2 protein chains.
Amino acid sequence: MSSLEICFSPDLIHLHDLRGKIVVVVDIFRATSTMVTALANGVTSIKPVEDLETCRSLADEGYIVSGERNGQKAEGFELGNSPLSYLGGTFEGKRIAMTTTNGTVAIERSKSGADEIILGAFLNLQATATYLLQKNKSVLIFCAGWKGKFNLEDSLYAGALASLLQFPQDCDGTLAMETLYDAVNKDLVGFLKKASHAKRLQNYNIEEDIDFCLTHNKYDLIAILAGDEIIGKKKPHQNQIW
Amino acid sequence: MSSLEICFSPDLIHLHDLRGKIVVVVDIFRATSTMVTALANGVTSIKPVEDLETCRSLADEGYIVSGERNGQKAEGFELGNSPLSYLGGTFEGKRIAMTTTNGTVAIERSKSGADEIILGAFLNLQATATYLLQKNKSVLIFCAGWKGKFNLEDSLYAGALASLLQFPQDCDGTLAMETLYDAVNKDLVGFLKKASHAKRLQNYNIEEDIDFCLTHNKYDLIAILAGDEIIGKKKPHQNQIW
C-alpha cells in the first residue's frame, strides 16, 4: 500500500529508507521551480551538479551553465537561478547544467535507492499529484531546506501535496504540514512572504521571482530524473496513464 | 536583543550556535514531562545519562535508576519513564539517574556552549515562559524528536512557548509551529493524540501518561541543569526576580 512521509532537510535524509519509493525533491526558492519552468519552456534537459567547478566545466560539452550560491548568481556563470530567465523559450532546445545551494544537494542525496526522483514545485503541483496518484507507490517528499535547516516554503509545498494525495501516513511531519497548509492556504502567498528565505530574496530585489515561484499549477508537466539528467513529461491525454 | 529559534531534532543541532543562549530541551513523551513532575513532587535532583550501562551503575552511588528505551522500561531498571510514578512523593528526597531514548541525548548535545539548559514541558509551560521573559536572553528550543525525526508534541510545545514569548525571530521553524499551535490549540489534546509517538504509547496501554503529559501549567517551577544534575526552582513571590 502506498504511504507518505516528509523529510525536512538533507541533514535528516539518512533517517529515511528510500528503496521502492518515489522521492519528490522540492526547493521552491528556486531550484525546482526554475527546473520546472525551464522544461515547460522548451529546455531539453537539466543536469543537476553539486559543485560550481564541475558545473562550470560542462560549458565545454555544450551545456548552458547555471550556478547560484546563497541566492545569488555565482561568479562567472551565464545564468543564475531565476525561473524568469527561461520564459519565452530563450533556451529552447538547450541542455542546462545547474548547481544551487540546496536543491542540487538534495537531488544528489536522493539517488541511493529511490525508484524514481521527481522535482516538485507549486508551478506543477496538481500535475505532480496526478502523476503520483496514478503510480500509487510510496512517496517521500524531500525538502531541500536552507543549508540543512527546515524551511517554510518547501515544507508547505509538502503539506499541499500531502493534502492532494491523502495517502495513509504515520509521519508527524506530514500531519503537521498538512494541517498548517489547511490553516494558511487562504493567503498562502502572504504567509510565505514572511519566510526567512523569501525575506532574504527580497533583499536582492527579486520579488518577481518569489511571486512567480508561488504561482500554482501554471504548468501541466512533471519533471523527472532520467539517468543523470532531468527531463519534462507532459500529462498524457485523458484516460491514458502517464 | 533576545531572539528565538527552534531546532527540530538532535540531528540538526550542529546547525545552531548555542553560545550565549538559554536552551530549552523538550521531550514531551515523556522525559522532560517526567523530570518536571519528579522535581515538583520532591525529588532532589535528576542526573541525565546517555547510556543504560552508566545509568545502571549509578545505583551503587545511591541513585534511584530509571531507564527507558523505545517507550518501555529498560530491563532490570526499577523505574521506567512514567511521570505518574513520581506522584504522591514516593521518591521525595531521592536522587534519580535517568536515561531515555531521545530526551537525555538532547540534553547531552546542549552542553556545548549554552549559557543555561532548562527542561520544558506543558506541565510547566507558563512558569518556563515567565522565567525566560525575566531573563530576556536569546532562546533556542531544542526538540528531542523521535530517533532523530521531527515529532509533533515537542514541536507544538515549541510553538506554544514561542506564542507566549513573542520574541523576535527569523526562524521558519518558529513561524511554522507558532502558526500551527494557534490553529490547533482549541483541541490540542485531540490533535496530539494523532501524533505517531502518542499512537505508539497507546499500544503500551499508557494512555494515562499521555493525558498527564499534555496537562498545561500543573506545576509552577522550572527545571534547570546545575552542574550535571537537574534541579527544580520554584517561582519566587510576586515582584521578585527568579
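The values are calculated or read from the model by the stated rules, or taken from the named source; none is laboratory data. Just so it is clear, the structure is predicted and the values come from calculations on it, not from any experiment. Neighbour counts are summed over all protein chains in view; Cβ atoms, including those assigned to glycine, are modelled from backbone coordinates with ideal geometry.
Quick look at the numbers
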{"read-out": "Where B:Ala195 falls short, out of the listed (1) crowded, with 23+ Cβ neighbours inside 10 Å; (2) under 24 Å from A:Leu192 (Cβ atoms); (3) among the hydrophobic types (A, V, I, L, M, F, W, C)", "value": "(2)"}
{"read-out": "Selection within segment B:150-173 - at pLDDT 95 or above and either outside any helix (DSSP H, G or I) or among the β-branched types (Val, Ile, Thr) (or both)", "value": "B:Phe150"}
{"read-out": "Residue that is at pLDDT below 95 and farther than 27 Å from B:Lys193 by Cα, where the choices are B:Ser3, B:Ser82", "value": "B:Ser3"}
{"read-out": "When residues of segment A:10-24 are limited to those that are in a helix (DSSP H, G or I) and within 9 Å of chain B (Cβ to nearest Cβ), the one nearest to A:Pro168 (Cα to Cα)", "value": "A:Leu15"}
{"read-out": "Filtered residues of segment A:181-208 (kept if more than 8 Å from chain B (Cβ to nearest Cβ), of a type in the set (Ser, Thr, Tyr) and within 18 Å of A:Arg30 (Cα to Cα))", "value": "A:Tyr204"}
{"read-out": "Qualifying residue in segment A:183-194 (condition: at pLDDT 95 or above and more than 18 Å from the chain's Cα centre (by Cα))", "value": "yes"}
{"read-out": "Subset of segment A:160-180 [without any contact (Cβ under 8 Å) to a residue 40 or more places away in the chain and within 10 Å of chain B (Cβ to nearest Cβ)]", "value": "A:Asp172, A:Leu175, A:Ala176, A:Thr179, A:Leu180"}
{"read-out": "Residues (part of a strand (DSSP E or B) and over 24 Å from A:Val105 (Cα atoms)) located in segment A:226-242", "value": "A:Lys234"}
{"read-out": "Residue in segment B:211-219 that is within 19 Å of B:Ile118 (Cβ to Cβ), free of Cβ contacts under 8 Å to residues at least 24 places away in the same chain and more than 14 Å from every other protein chain (Cβ to nearest Cβ) present", "value": "no"}
{"read-out": "The lone exception for B:Glu92 - which of (1) surrounded by fewer than 19 Cβ atoms within 10 Å (Cβ to Cβ); (2) in contact with a Leu (Cβ under 7 Å, 6 or more places away or on another chain) it fails", "value": "(2)"}
{"read-out": "Residues (at pLDDT below 95, acidic (Asp, Glu) and touching an Asp or Glu at 6+ places or on another chain (Cβ under 9 Å)) located in segment A:9-51", "value": "A:Glu50"}
{"read-out": "Pairs with Cβ under 6 Å, 6+ apart, first in segment A:78-100 and in contact (Cβ under 8 Å) with a residue 12 or more places away in the chain, second in a helix (DSSP H, G or I) and of a type in the set (D, E, K, R)", "value": "A:Ser82/A:Asp209"}
{"read-out": "Contacts under 6 angstrom Cβ, first residue in segment B:126-147 being in a helix (DSSP H, G or I), partner modelled with pLDDT under 95 and among the aliphatic types (A, V, I, L, M), 6 or more apart", "value": "B:Gln134/B:Ile241"}
{"read-out": "Filter pass, B:Ala183 being surrounded by 21 or more Cβ atoms within 10 Å (Cβ to Cβ) and small (Gly, Ala, Ser)", "value": "no"}
{"read-out": "Flag if B:Ile6 is within 26 Å of B:His216 (Cβ to Cβ) and surrounded by 24 or more Cβ atoms within 10 Å (Cβ to Cβ)", "value": "yes"}
{"read-out": "Segment B:123-157 - residue that is touching a Phe, Trp or Tyr at 6+ places or on another chain (Cβ under 6 Å) and more than 23 Å from B:Asp172 (Cβ to Cβ) and, of those, nearest to the other protein chains (Cβ to nearest Cβ)", "value": "B:Leu123"}
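Here's the yes/no breakdown for (1) hydrophobic (A, V, I, L, M, F, W, C); (2) crowded, with 21+ Cβ neighbours inside 10 Å:
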residue: B:Gln126; (1), (2): no, no
residue: B:Gly145; (1), (2): no, yes
residue: B:Gly159; (1), (2): no, yes
residue: B:Ile210; (1), (2): yes, yes
residue: B:Thr215; (1), (2): no, no
residue: B:Glu229; (1), (2): no, no
residue: B:Pro236; (1), (2): no, no
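Condition check ((1) aliphatic (A, V, I, L, M); (2) within 14 Å of chain A (Cβ to nearest Cβ); (3) more than 20 Å from the chain's Cα centre (by Cα)) across all residues:
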residue: B:Phe8; (1), (2), (3): no, yes, no
residue: B:Arg56; (1), (2), (3): no, no, yes
residue: B:Gly80; (1), (2), (3): no, no, no
residue: B:Ser85; (1), (2), (3): no, no, no
residue: B:Arg95; (1), (2), (3): no, no, no
